[in-house]
1. Test PHE71 against the criterion of being of a type in the set (Phe, Trp, Tyr), out of contact with any Cys (no Cβ under 8 Å at 6 or more places or on another chain), surrounded by 23 or more Cβ atoms within 10 Å (Cβ to Cβ) and more than 23 Å from ASP179 (Cα to Cα), and give yes or no.
2. Name every residue in the stretch 40-75 that is within 21 Å of THR111 (Cα to Cα) and touching a helix residue (DSSP H, G or I) at 6+ places or on another chain (Cβ under 9 Å), in order of residue number.
3. So which of VAL136, VAL127 ends up being crowded, with 18+ Cβ neighbours inside 10 Å and of a type outside the set (Phe, Trp, Tyr)?
4. When the residues of the stretch 90-132 are narrowed to those that are assigned to a helix (DSSP H, G or I) and in contact with a Gly (Cβ under 6 Å, 6 or more places away or on another chain), which ends up nearest to ARG26 (Cα to Cα)?
5. Is it the case that the stretch 44-59 has a residue that's in a loop (DSSP other than H, G, I, E, B), modelled with pLDDT of 95 or more and out of contact with any strand residue (DSSP E or B) (no Cβ under 8 Å at 6 or more places or on another chain)?
6. Can you tell me which condition ARG163 does not meet? The list is (1) charged (D, E, K, R); (2) over 22 Å from ARG14 (Cα atoms); (3) part of a strand (DSSP E or B), and all the others hold.
7. Which pairs do you get when a residue that is of a type in the set (Gly, Ala, Ser), found in the stretch 15-42, comes within reach of a residue that is outside any helix (DSSP H, G or I) and surrounded by 19 or more Cβ atoms within 10 Å (Cβ to Cβ), reach meaning Cβ atoms under 8 angstrom, with the pair 6+ apart or on two chains?
8. Among what's in the stretch 60-89 and is of a type in the set (Gly, Ala, Ser) and part of a loop (DSSP other than H, G, I, E, B), pick the residue that is farthest from the chain's Cα centre (by Cα).
Amino acid sequence: MDTVEIAAGRFQLRPCQAVDADWIFRACQDPAIQRWTRVPTPYRLDDAVAYATEYVEESWKSGRAAPFGVFDAVSGEGLGTVGLVSMDLPEGLAEVGYWAAPWARRRGVATASTLAVARWAFGALGVARLCWLAEVGNDGSRAVAERAGFTVEGVLRDRIRRRDGSRADAWIGSLLPSDL
């Protein structure tokens, strides 16, 4: 799949590159990002470089995921990431994931970028159902999903495997083209 860039008002979405590794590294030192996402712990600069180059390139090339960095449209400052994962385009299905850097929170970054990716997925990719999952208790992620229009459908028991091997319940939600 070819990479794309998405203009989202105050924000610009584009695939991350090696030059983005420094701000990704700084953001991923945040305890909340380490708690609620699957980033390696401890998170090293090498992890950020691998994400911004190898993971991003392979994801787009394979068509299994479409990761974007989220940037301030004026300054170019890195603010977070958003993307589609678990893409099954023949079935019209994908899952959305996101995080906002600590310095970018409470500015609408995650909500606006999630909506921009959803519109792109529905329009350009023909996705019929966009899914959102988060560990029960990740209230920030749930608030973003609800502000973006997702319907929280329930709880999937023991859906998430934590780093320590224990299991956790997950909220599941969906967004349909008709919801926008």
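1. Answer is yes for this residue.
2. Of everything in the stretch 40-75, those that are within 21 Å of THR111 (Cα to Cα) and touching a helix residue (DSSP H, G or I) at 6+ places or on another chain (Cβ under 9 Å) turn out to be ALA65, ALA66, PRO67, PHE68, GLY69, VAL70, PHE71, ASP72.
3. Of VAL136, VAL127, the one residue that is crowded, with 18+ Cβ neighbours inside 10 Å and of a type outside the set (Phe, Trp, Tyr) is VAL127.
4. Start the filter on the stretch 90-132 by keeping residues that are assigned to a helix (DSSP H, G or I), which leaves 90-91, 102-104, 109-124.
Okay, now just the ones that are also in contact with a Gly (Cβ under 6 Å, 6 or more places away or on another chain), so 104, 109.
Details: ALA104: 12, VAL109: 17 Å.
Only one residue fits best here, namely ALA104.
5. Quick first cut of the stretch 44-59, residues in a loop (DSSP other than H, G, I, E, B) only: 44.
Now drop any that are not modelled with pLDDT of 95 or more, which leaves 44.
Next, from what is left, pick out any that are out of contact with any strand residue (DSSP E or B) (no Cβ under 8 Å at 6 or more places or on another chain): 44.
There is at least one residue in the stretch 44-59 that is in a loop (DSSP other than H, G, I, E, B), modelled with pLDDT of 95 or more and out of contact with any strand residue (DSSP E or B) (no Cβ under 8 Å at 6 or more places or on another chain).
6. Among (1) charged (D, E, K, R); (2) over 22 Å from ARG14 (Cα atoms); (3) part of a strand (DSSP E or B), the lone unmet condition for ARG163 is (3).
7. The qualifying pairs are ALA27/GLY78; ALA27/GLY80; ALA27/TRP99; ALA27/ALA101.
8. Here is the first cut: in the stretch 60-89, the residues of a type in the set (Gly, Ala, Ser) are 62-63, 65-66, 69, 73, 75-76, 78, 80, 83, 86.
Those left that are additionally part of a loop (DSSP other than H, G, I, E, B): 63, 65, 73, 75-76.
Working: GLY63: 16, ALA65: 10, ALA73: 18, SER75: 21, GLY76: 19 Å.
Residue satisfying both the conditions and the ranking: SER75.
The values are calculated or read from the model by the stated rules, or taken from the named source; none is laboratory data. Being a predicted model, the structure only gives us computed values, none of them experimental. Counting neighbours? That spans all protein chains shown, and the Cβs are built from the backbone with ideal geometry, glycine included.
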